[in-house]
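The values are calculated or read from the model by the stated rules, or taken from the named source; none is laboratory data. Predicted model, so just to flag it, every value in this text is computed and none were measured. Cβ: placed from backbone, ideal geometry, glycine included. Neighbour counts: every protein chain shown.
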Amino acid sequence: MLSERIRTERPTGRAVFSDAMRAWFEGDFEACLALCDRVRPPDLDIRSQLSLLRARALLRLARPDDAIAEIERAFVAVGGLDASLTARLLLGTALVRRGETQRGVVLLLAAQADAAQAHPTIRSEIALSLALGHYGLRALDEADRALDQVSPEADIVHARALEYRGWVAAGRFDYASATRAFGAALARLDECRHHDRFMEATALSALAILAAERLDRDTWLAVEQRARRFDWTAGGLARSHYLVAYHASLMDEARGRTREALVWIAQAEDAAPSAATRLFALCRRAEIFRGAGERFAHGDLVARLRGIANTIADDEISGDERNALLVLAAELAVFGDVVAARGMLKRHRRLAPPSPMWSLMNDPREEAAIVDAEAVVARAGGDIARARDLFRRAFELYRRVGYERRALLAAGRLYELTGQTYLRDYVDQVVRKLGASSPLRSIVLTVDPGTADPIVSALSPTERAVLALLCEGLSTAAIAAARGRSKQTIRNTISRILIAFGLPDRQALLRECVRRGLIAS
């Protein structure tokens, strides 16, 4: 094992350098750096290669400033054309990743112009980095043209080019094409002479996000199998592990596998690379409790989450981590703490925006997440007119980009407020992708529109969830199995529902729900 050799082998030159190279190919960048520290370069060539290898590992670990320092050291001892071009392409890449995108692209274009006699793999790497730079400038057509220059013979570089095509497609909000590209990248990686675990983890996390948001069961099944056998222990993989586990919890909840969803979100909590991402994962746990009708567990966790959020400084929350405050605001509002929910929305507004490199200009998902959370808070605060307008905007945005899970929830909430039949039609269409016992079914098919019917509005979330399953024709035993409760507990819940409606039995209840227009006949 490389980790054992790091502890026991005496410092040397080429042997440990070879181990460091292998660690880099395996995607274990922390081990790669540790092995590089043990190398005693026997000559200038190894010294130069060592600095360039360290720079590569540092770039994968999102440390562009440290990478630039290594590249500057490498320039002192760089020998041939390929080594010189490698240093220039790594410097250009580091500048792009640091946010100096235009400067990095200029440097990469100059390196490309000098690379006619270079090794084909070096030329492909330059083209790959240029694609990243164009992506950062949102010149997506130029990014595609740069990727066209990556040779299929370039092994892992070609696999990464397919991954980048996924990001370019996502930049156009073409998530079907992005899904195909990320899948092709993994298939190509399996054919490569070497392996890149970092790239595999990144592609898996991208596919997990797309599968969960698009309710794409086929894609998720392929991701799940690969994710379960993947070794997540290497350094630098925590964020990808967190994203896979987080979105796995969404997918299992949609499939009606609440217990499995909780197992996945526990993994996300453990893998969370920052306090803000752990807050995000804990909010997800609260959502699962709420969807399962666990009112007291939900309330207890949400009360604790408010205190946890207050211990995290604003400068510790960056990028898409900012949306943890939006999710928490929604949970606080549902819990009944509207004042705290408004405070979280206000705090989100004052945070610094995401880096231009990693956020898409005019990204409708960002606006949708904000207006969706604001709608939940407005509704909890009694401002129904504003909530209706905001839910409509969130639904339109999510439906436009194909985020069916979120569009489904927004449509259900909006239908509850308006009773418009086109929303019910959308819900009925998308809900077919859910598992028979999915809590999402209970949320969006809970005999809507609830606020238009005072009896339904007065029911608890658990009672509304059971009523929804009754209206789907499920027996007491089936409802008990779906919700993980005893048949007697379900009978007691049904009795409370009948008392609320003033009816003698479930047949009369179903007839009454049809009469009220709460469900289809």
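The one condition from (1) in contact (Cβ under 8 Å) with a residue 60 or more places away in the chain; (2) closer than 30 Å to THR233 by Cβ; (3) among the basic types (Lys, Arg) that ARG138 does not meet is (2). Condition test on HIS158, is it under 24 Å from ARG226 (Cβ atoms) and in a loop (DSSP other than H, G, I, E, B)? Taking the combined requirement at face value, the residue does not satisfy it. Check whether at least one residue in the stretch 393-401 is at pLDDT below 95 and either among the hydroxyl-bearing types (Ser, Thr, Tyr) or within 30 Å of THR101 (Cα to Cα) (or both), and report yes or no. Yes, there is a match, as at least one residue in the stretch 393-401 is at pLDDT below 95 and either among the hydroxyl-bearing types (Ser, Thr, Tyr) or within 30 Å of THR101 (Cα to Cα) (or both).
Checked against (1) within 23 Å of the chain's Cα centre (by Cα); (2) part of a helix (DSSP H, G or I), GLY435 passes all but a single condition, namely (2). Here the condition is being under 14 Å from the mean Cα position of the chain (by Cα), of a type in the set (A, V, I, L, M, F, W, C) and within 30 Å of PHE25 (Cα to Cα); of ALA272, ALA266, it holds for ALA272 alone.
For the stretch 231-278, taking the residues that are touching a Pro at 6+ places or on another chain (Cβ under 8 Å) and within 29 Å of ASP314 (Cα to Cα), the one that is modelled with the highest pLDDT is identified as TYR242. Quick check on the stretch 134-150: of everything there that is modelled with pLDDT under 95 and in contact with a Ser or Thr (Cβ under 6 Å, 6 or more places away or on another chain), which residue is surrounded by the most Cβ atoms within 10 Å (Cβ to Cβ)? So the residue we want is GLY136. Does GLU163 meet the test of being in a helix (DSSP H, G or I), at pLDDT below 95 and not β-branched (Val, Ile, Thr)? No; evaluated as a whole, the condition is false for this residue. Might you let me know whether the stretch 28-36 holds any residue that is crowded, with 24+ Cβ neighbours inside 10 Å and at pLDDT below 85? Yes.
Where residues in the stretch 421-472 are among the small types (Gly, Ala, Ser) and surrounded by fewer than 20 Cβ atoms within 10 Å (Cβ to Cβ), which of them is modelled with the highest pLDDT? Steps first, please.
Keep residues of the stretch 421-472 that are among the small types (Gly, Ala, Ser), which gives 435-438, 442, 450, 452, 457-458, 460, 465, 468.
Next, from what is left, pick out any that are surrounded by fewer than 20 Cβ atoms within 10 Å (Cβ to Cβ): 435-437, 452, 457-458, 460.
Values: GLY435: 88, ALA436: 83, SER437: 85, ALA452: 52, SER457: 71, ALA458: 75, SER460: 77.
Per the stated criteria, the residue is GLY435.
None of VAL157, VAL96 is touching a helix residue (DSSP H, G or I) at 6+ places or on another chain (Cβ under 6 Å), of a type in the set (A, V, I, L, M, F, W, C), crowded, with 18+ Cβ neighbours inside 10 Å and touching a residue at least 60 places away in the same chain (Cβ under 8 Å) except VAL96. In the stretch 310-321, what residues are touching a residue at least 40 places away in the same chain (Cβ under 8 Å) and part of a helix (DSSP H, G or I)? Selection gives GLU316, GLY319, GLU321.
Do the conditions hold for ARG342, that is, is it at pLDDT 95 or above, in a helix (DSSP H, G or I) and farther than 25 Å from ALA206 by Cβ? In short, yes. Within the stretch 31-76, being within 18 Å of ARG239 (Cβ to Cβ) and not in a helix (DSSP H, G or I) holds for LEU61, ALA62, ARG63.
Scanning the stretch 372-386 for residues that are surrounded by 21 or more Cβ atoms within 10 Å (Cβ to Cβ) and modelled with pLDDT of 90 or more yields ASP372, ALA373, GLU374, ALA375, VAL376, VAL377, ALA378.
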